[in-house]
1. With θ taken as phi - 60° and the coefficients 6.51, -1.76 and 1.60, list the Karplus ³J(HN,Hα) couplings across the stretch 39-53 in order, rounded to whole Hz; mark glycine and proline as x.
2. Could you look at the stretch 36-89 and say what percent of its accessible area is carbon and sulfur, using a 1.4 Å probe and all protein chains?
3. In the neighborhood of M100, defined by Cβ-to-Cβ distances under 12 Å, what is the net charge if each Lys or Arg adds +1 and each Asp or Glu adds -1?
Amino acid sequence: MNSKSDRPSRTHQPAAVGVATFVWLGVMVLLWGASWPVTKLALATVSPLWLAAIRFGSAAICLFGFVWWKGQLCRPPVGDWSIVASMGMLQMMAFTGLGMIAMTRTDTSHAVLLAYTTPLWGVLVSWLALRQTPKARRIKPVCRSVSR
């Protein structure tokens with residue numbers, strides 16, 4: 001990778017943004033915003049953990065079907081299974097299950113606020129319980145803009 005041609009280009013040309021982009025953005029904002037109140041309504045008929053299981057089960061079936069249809073379905077390397085399992089259990093199952101349990105006990109707005117401030121709570125807990133002092137290097141964004 002010593003030659004100039006082997007290096008990735010540092011210039012970034014933004015893609016043209018058309019009306020369709022803003023329409024899809026609006027649709028996504030509405031769907032994302034409606035997901036929490038709709039979940040709160042669904043919790044009136046289904047228990048929190050069953051709703052989480054139904055939600056992720058149906059999403060998994062759709063995702064696997066789509067990836068299979070595109071011909072890209074493959075098994076992760078054995079070394080990645082612990083990462084896949086930990087993310088599935090902590091990020092997906094615990095986060096969603098606890099969020100749904102919270103919505104049965106409080107307003108949806110409070111549950112959403114707690115859910116999306118999780119990274120802040122994680123820093124606070126690691127600071128107090130694990131004695132890991134936050135450093136400026138960890139706070140800085142990983143991606144930096146490339147100058148033109």
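1. In residue order, the calculated couplings are 4, 4, 5, 5, 5, 6, 10, 10, 5, x, 6, 5, 5, 4, 5 Hz.
2. Of the solvent-accessible surface of the stretch 36-89, carbon and sulfur hold 76 percent.
3. So the surrounding residues net to +3.
The values are calculated or read from the model by the stated rules, or taken from the named source; none is laboratory data. Because the structure is a prediction, the values reported are computed rather than measured. Neighbour counts are summed over all protein chains in view; Cβ atoms, including those assigned to glycine, are modelled from backbone coordinates with ideal geometry. Accessible surface areas use protein heavy atoms only, side chains included; no ligands, DNA or RNA. Shrake-Rupley method; radii C 1.70, N 1.55, O 1.52, S 1.80 Å.
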